[in-house]
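See below for the structure under consideration.
The values are calculated or read from the model by the stated rules, or taken from the named source; none is laboratory data. Note that the coordinates shown come from a computational prediction; the quantities given were computed from them, not determined experimentally. Cβ placement follows ideal geometry from the backbone for every residue including glycine, while neighbour counts extend to all protein chains displayed. Quick note on the areas: whole protein, heavy atoms, side chains included, nothing else; ligands and nucleic acids left out. Shrake-Rupley method; radii C 1.70, N 1.55, O 1.52, S 1.80 Å.
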Amino acid sequence: GESMLFFFYLKNETNRKAMRKQSVMRKLAGTTWGADIRILSQVYTGAVRPTLEYASSTWISAAHSNKSILEKTQNRCLRTILGAMKSTPIVEM
């Protein structure tokens, strides 16, 4: 019912905000001129992670498919921080 609709909205809105912040990280990260790992990690820790952790108590009981959307965004951030390619497996980072 209404709580499921709110959860759907919360998940999508959280992911949208985190992806927008990850986009800023990508702009900061250049292969030859951009911010280094330390700076990108600070941006992630200070801006992206709090967005992903918002209402984290809700995510604990969420279905895996709902969590995976947020995990994919987190993984994109990790790849941006490390300068890894999109195809790089998470376990290799």
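I want to check the label-to-label distance for L78 and V24. Put each point 7 Å from Cα in the C-beta direction and report it in nm to one decimal.
2.3
Leaving ligands, DNA and RNA out of it, rank L70, L82 by accessible area with a 1.4 Å probe, largest first. Spell out each step's value before the answer.
Details: L70 15, L82 80 Å².
Result of the area sort, largest leading: L82, L70.
Which three extents, in whole angstrom, do the alpha-carbon atoms of the chain cover along their principal axes, largest first?
Extents along the principal axes, in whole Å: 50, 24, 16.
Compute the angle between helix 64-82 and the longest alpha-carbon principal axis of the chain, please, reported from 0 to 90 degrees and rounded to the nearest 10.
10
Taking the Cα atoms only, what angle lies between the long axis of helix 2-28 and the longest principal axis of the chain, rounded to 10 degrees?
Roughly 10 degrees between the two axes.
In Å², what does the accessible area per residue of segment 1-82 work out to with a 1.4 Å probe?
Values: 5380 Å² over 82 residues.
With the other protein chains kept in place, segment 1-82 gives 66 Å² per residue.
Would you check the accessible area of T51, probe 1.4 Å, heavy atoms only, in square angstrom rounded to 10?
So the heavy atoms of T51 present about 20 Å² to solvent.
Using a 1.4 Å probe and ignoring any ligands, DNA or RNA, find the accessible area of E92 and quote it in Å² to the nearest 10.
140
Tell me, what is the 1.4 Å probe accessible area of I81, in Å² to the nearest 10?
Its heavy atoms expose roughly 20 Å² to the probe.
Could you tell me what percent of the accessible area of the chain is made up of carbon and sulfur, with a 1.4 Å probe and every protein chain present?
59
What is the distance in Å between the Cα centres of segment 73-93 and segment 1-42?
The two parts, judged by their Cα centres, are 13 Å apart.
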